[in-house]
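S.K.: After the structure tokens below, expect a handful of questions from me.
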Amino acid sequence: MDHDSVERENILKNRHEFILQYYNMAVQDLDRHLKIGWQTIAVVAGAIATLSLGEQGHLPIFVSISAALIVLFWGLQNVIDSNYWSLRAIGFLANVESVYFAKTDQTYFNHYAGEHPPYHLMDSLKYQFNVCIILILTILGFFGYKILLIAGDFDVLISTYVNSGAIKILVWQFPIFVSLYYLRSILLTWARRHLGYLDFVLKSPGPGMAGDLEHLRNVNFSPKPDDTDFVEGIELQSRTSGKLQKFVKLAKFIEDWNWILFVLAIIAMFVINFQRANIFT
């Protein structure tokens with residue numbers, strides 16, 4: 001046996017052990033991403049503390065509200081990003097499962113063994129995402145309440161808006177600019193992560209899965225010739241890839257047009273501001 005053959009044999013002998021070690025690393029990586037919950041708690045606490053500073057008069061109210069919104073939107077992006085990498089880690093684990101499990105094992109262990117998870121927020125991260133969304137809406141409602149409280153009633157508010165200077169109006173609209181900017185950023189993050197996960201599913205569908213225990217693959221992962229029930233990796237992931245494909249056009253639209261839509265929204269706000277006397281009188 002020549003040197004190259006010996007080297008190849010040694011690599012094949014260690015291949016399974018390496019993959020299992022890699023599997024353990026992916027489990028640890030998944031655990032790390034799911035522990036973002038503590039970070040989200042800190043984000044919520046920071047947003048509430050910032051609002052308190054505004055209420056106590058230590059910060060202008062529009063500054064405290066803008067800062068709280070920035071913190072919460074940042075928390076949302078963290079949740080989306082952590083969810084993506086968690087799904088990637090689970091997808092890798094599924095690829096390893098497809099090596100050691102057969103289709104018949106799905107009945108005994110896990111109906112989705114060997115399959116990449118669908119692209120949606122996992123429950124532990126979904127709860128954190130929902131809390132951030134509710135707080136953002138609450139803060140925006142609080143912002144509107146504070147404006148009405150200062151103005152007294154809606155008619156006075158409109159009159160104040162029409163007669164105030166441009167700088168004062170822009171200052172009080174800053175939380176709206178912040179919300180629009182980070183809404184654009186959140187949508188872009190979702191779109192890129194959606195397309196990135198689809199790319200992962202299509203390019204790394206796994207080695208496929210044997211039909212039953214009698215046809216488990218050899219060390220090089222190739223199926224045995226007589227295994228007529230062998231499921232190719234791309235077929236095994238067809239359920240997930242099919243769901244991802246449904247939103248590809250939307251994701252690409254957001255990716256291509258997010259800045260243009262944001263700029264148009266800002267221009268519309270400026271037009272309304274400068275034409276406010278004609279619009280509201």
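S.K.: Please pick out the residue among Phe18, Phe109, Phe101 that is among the aromatic types (Phe, Trp, Tyr) and either under 30 Å from Val178 (Cα atoms) or at pLDDT 80 or above (or both).
M.R.: Phe101
S.K.: Run down Trp259, Trp190 and say which single residue is closer than 28 Å to Ala67 by Cβ, exposed (fewer than 14 other Cβ atoms within 10 Å of the Cβ) and at pLDDT 85 or above.
M.R.: Trp259
S.K.: For the structure I just gave you, tell me whether Ile11 is surrounded by fewer than 17 Cβ atoms within 10 Å (Cβ to Cβ) and either at pLDDT below 75 or out of contact with any Lys or Arg (no Cβ under 6 Å at 6 or more places or on another chain) (or both).
M.R.: yes
S.K.: Right, next: Taking the conditions exactly as written (of a type outside the set (Asp, Glu) and in contact with a Lys or Arg (Cβ under 9 Å, 6 or more places away or on another chain)), does Tyr145 satisfy them or not?
M.R.: Taking the combined requirement at face value, the residue does not satisfy it.
Results for (1) within 30 Å of Lys168 (Cα to Cα); (2) aromatic (Phe, Trp, Tyr); (3) assigned to a loop (DSSP other than H, G, I, E, B); (4) touching a residue at least 60 places away in the same chain (Cβ under 8 Å), shown as yes or no for each residue.
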position: Lys243; (1), (2), (3), (4): no, no, no, yes
position: Lys249; (1), (2), (3), (4): no, no, no, no
position: Lys252; (1), (2), (3), (4): no, no, no, yes
position: Asp256; (1), (2), (3), (4): no, no, no, no
position: Ile260; (1), (2), (3), (4): yes, no, no, no
position: Val263; (1), (2), (3), (4): yes, no, no, no
position: Ala268; (1), (2), (3), (4): yes, no, no, no
position: Val271; (1), (2), (3), (4): yes, no, no, no
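S.K.: Hey, another quick one. If you check Ser222 against the conditions, is it within 20 Å of the chain's Cα centre (by Cα) and either modelled with pLDDT of 80 or more or more than 18 Å from Glu115 (Cβ to Cβ) (or both)?
M.R.: No.
S.K.: Here's a check for you: in the range 159-187, which residue that is at pLDDT below 80, part of a helix (DSSP H, G or I) and of a type in the set (S, T, N, Q) is surrounded by the fewest Cβ atoms within 10 Å (Cβ to Cβ)?
M.R.: That would be Asn163.
S.K.: Are any residues in the range 49-82 over 17 Å from Ile150 (Cβ atoms), modelled with pLDDT of 75 or more and of a type in the set (A, V, I, L, M), and if so, which ones?
M.R.: Ala49, Ala67, Ala68, Leu69, Ile70, Val71, Leu72, Leu76, Val79, Ile80, listed by residue number.
S.K.: Tell me, which helices (runs of 4 or more DSSP H) wholly within the range 44-157 include 2 or more residues that are of a type in the set (Val, Ile, Thr), surrounded by 13 or more Cβ atoms within 10 Å (Cβ to Cβ) and under 13 Å from the mean Cα position of the chain (by Cα)?
M.R.: It comes to 61-100.
The values are calculated or read from the model by the stated rules, or taken from the named source; none is laboratory data. Computed from a predicted structure; not experimentally measured. Virtual Cβ from ideal backbone geometry, glycine too; neighbours counted across all protein chains shown.
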